[in-house]
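Read-outs throughout are calculated quantities, based only on the coordinates presented, and are distinct from any laboratory measurement. Because the structure is a prediction, the values reported are computed rather than measured. In this analysis, Cβ positions are derived from the backbone assuming ideal geometry, glycine residues included, and neighbour counts consider all displayed protein chains.
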Amino acid sequence: MQSAFAQKHKKPTRPQENYPGAAEYYYEQGEYLKALPYYKKALETDSLNAYLIYKLGICYLHKNDEKEQSLFLIDKACKITPDLEGAKLYLAMAYHLNDRYDGAIRYFNMYLMDAPIDQNKKLAARYIEYCENAKQLIKIPTRTQITNLAVPLNTVGSEYAPLISPDGMTMIYTYKGENSLGGLLDENLNPDENGDYNEDILISHRSGNTWDAPVSISNNINTKGAEIGLAISADGKTLYLYKKISKDKGGIYSSKWNGTEWSVPEALGPNINSKGSWEGSCSVSSDGQSLYFTSTRKGGFGGRDLYISRLQADGTWGAAQNLGPEINTKYDEDSPFICPDGNLFFSSKGLNSMGGYDIFYAVRRDSGWAKPLNMGFPLNSTDDDKYYVTTARGDTGYFSSGRKGTMGDQDLFMATSGSYQPIESKAIISAEPIVAKQSPPVEPVTVKQVTPRDSIKPADTTRVHPVATAIATDTIPKTTLTTATDTIHKTSSATVTDTIPKTSPATVIATPPATGFPCMSDSLINLTWFVGKNLDDKAIYSKLIETAGKICAEGLTFTVQIGAYRHPENFKHLNLRSLEPPPAVAKPYPDGITRFTMGEFKTFGEAEAFRQTIVHLNTKDAWITATYKGERKLLGECIANNFWGKAIK
């Protein structure tokens, strides 16, 4: 450890004047995502500082859309300085989060052999169990299909805790990001550029298969403080939410729908919100008589436990009862969802979790709860998977997760065609939806379809939800980088109704270049190291983006190809029609294949950012192509010519 970082650091008043100090302060506070950009800034003038690289890598462990960076950076730091304190532990965690379980187990065991006796030994041992559980679960994947709900619901912020109406047509969920009410705030809810965003509750209705732009659920509910939607009654007239008023005061509240608007939330009684403990999630039975909730109160089995409270004759909630050792473990349990038939979904860090919270299902029997069943892979991942809820039929579920490939911190996902049986609904379902579309008079959340890296600043009166702009977080298709032959979809020439607009084959509609990657071409950037490297390796690919993503040259442009068809009439990518402009038609090549592209960018980094937006809209076979002075080029050719800075021999 370097002596400059040995002391505790004070909160920076002007962090831009002391990047290392600001980074260390936020790191010590556990605010890794705030520390991350300051470590990056510090490395701009000290690029081989192993300590800074190491700390940056640890911060990337917490950045859900760029977890691959953690493995690359921590490994790089260890190669520079092999004896970094705790490096084997964090390197093992990076392997685990990137689904490389054998490598994780190897480094966890090395840490256990070398480390002194400390609390982290228990942590390492538990992570080995996570890895072994994951290896078993991925051997027998379920039939569950997982879909990222994408824009307009998911953004580069955080979306979680979905609540779904019985008919599946209305969703209430929680948002936290740059458009949160009040903007950046300190703990006392005063404006603070070094503060944090608080959560708001949003609502969206579905039209066909498309979700409408979300709106604030109510001005009576959302404030500058934190509000998190937790549960909705079967008749749609009571919303349960977590509300945080100040640093040390928060709990479960309820709001009533009177046919016109939601009431100002009121705290549930002391049997639910106990003094000195945290209660932050709940679910209500279909008859409204039982409340299942999470609490850290004394007397539990460890950490967060699940409890039940029953409604009394006077309308108050009765004494809480722990759900017992069949459900609760010495680890954390959270986000219960009680099904109409009395069975229970919940999340746990215990049992046979793959890592973090996994989603479990427990059947209620007369004698108590049956052994909870892990809902398996791919529903569960090595990150936190929580807040699972279902429609009334039970055949479609919604949840939130921080897994790899999210558009930001946490995203909303849909699960269909699972391996479990649909749950027969016994709920008392109102004929009206949770909230009629015309009901609460709230201000809409403006959704602006933008090109990647378009900077959207929170306005005073309009809350804007940006389109995702993550870079290099998903699996890189092999055809993206190494082959000269494009993927050809060998479909028949039969008539297809979902065809593209009849534009001229020679027409190319270009997305305006993004503005977030300023060119850095005033000096030669030597890319010799990348020549001959396997660009399918995500760590190498990420390094290429970091090194060459901002280079631009006269005559050099990049676009994202989304399809190559012998029969262009069979092209259909309706999922991309939400982007502006829509997919373009590239002119047919001499090989008889028509290629479809989106965008035209000056830099590789801009093109990759846009490719990620497309990937998140479930077009996995999107890849980048380059054109230099009218000739189509492979990425290998771009590297061999230093992206036309040349000088590589």
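A few remarks follow.
- By average C-beta atoms within 10 angstrom, highest first, the peptides 310-318, 604-612, 222-230: 604-612, 222-230, 310-318
- For the pair residue 249 and residue 109 in one chain, pulling the backbone fully straight at 0.36 nm per residue adds 46.3 nm over the alpha carbon distance.
- Cross-link pairs exceeding 23 Å between alpha carbons, from the set 76/633; 139/349; 88/139; 76/135: 76/633; 88/139; 76/135.
- For region 145-438, a crude dipole built from +1 on the beta carbon of Lys and Arg and -1 on the beta carbon of Asp and Glu, taken about the Cα centre, is about 640 debye to the nearest 20.
- The calculated FRET efficiency for the pair residue 123 and residue 143, based on their C-beta separation and a Förster distance of 30 Å, comes to about 0.35.
- Using a Förster distance of 30 Å, the FRET efficiency for residue 207-residue 47 (Cβ separation, nearest 0.05): 0.05
- Put a dot 7 Å past the Cα of residue 192, heading toward its Cβ, do the same for residue 80, and the two dots end up 3.1 nm apart.
- Theoretical FRET efficiency, 1/(1+(r/R0)^6), r = Cβ-Cβ of residue 310 and residue 100, R0 51 Å, to 0.05: 0.65
- Dimensions (Å) - region 274-313, Cα atoms, principal axes, largest first: 30, 17, 16
- Label-point separation, residue 370 to residue 277 (7 Å along Cα→Cβ), nm: 2.9
- Positive-end ranking of 138, 160, 123 along the dipole of region 121-165, with charges on Cβ about the Cα centre, is headed by 123.
- Distances between placed amide hydrogens fall under 5 Å for residue 535 paired with no residue 5 or more residues away or on another chain.
- The loop-placed GluC sites (Glu not before Pro) in region 122-188, going by DSSP, that have at most 12 neighbouring Cβ atoms within 10 Å of their Cβ come out as 187.
- Subtracting the Cα-Cα distance of residue 531 and residue 167 from 0.36 nm times their residue separation leaves 125.6 nm of extension gain.
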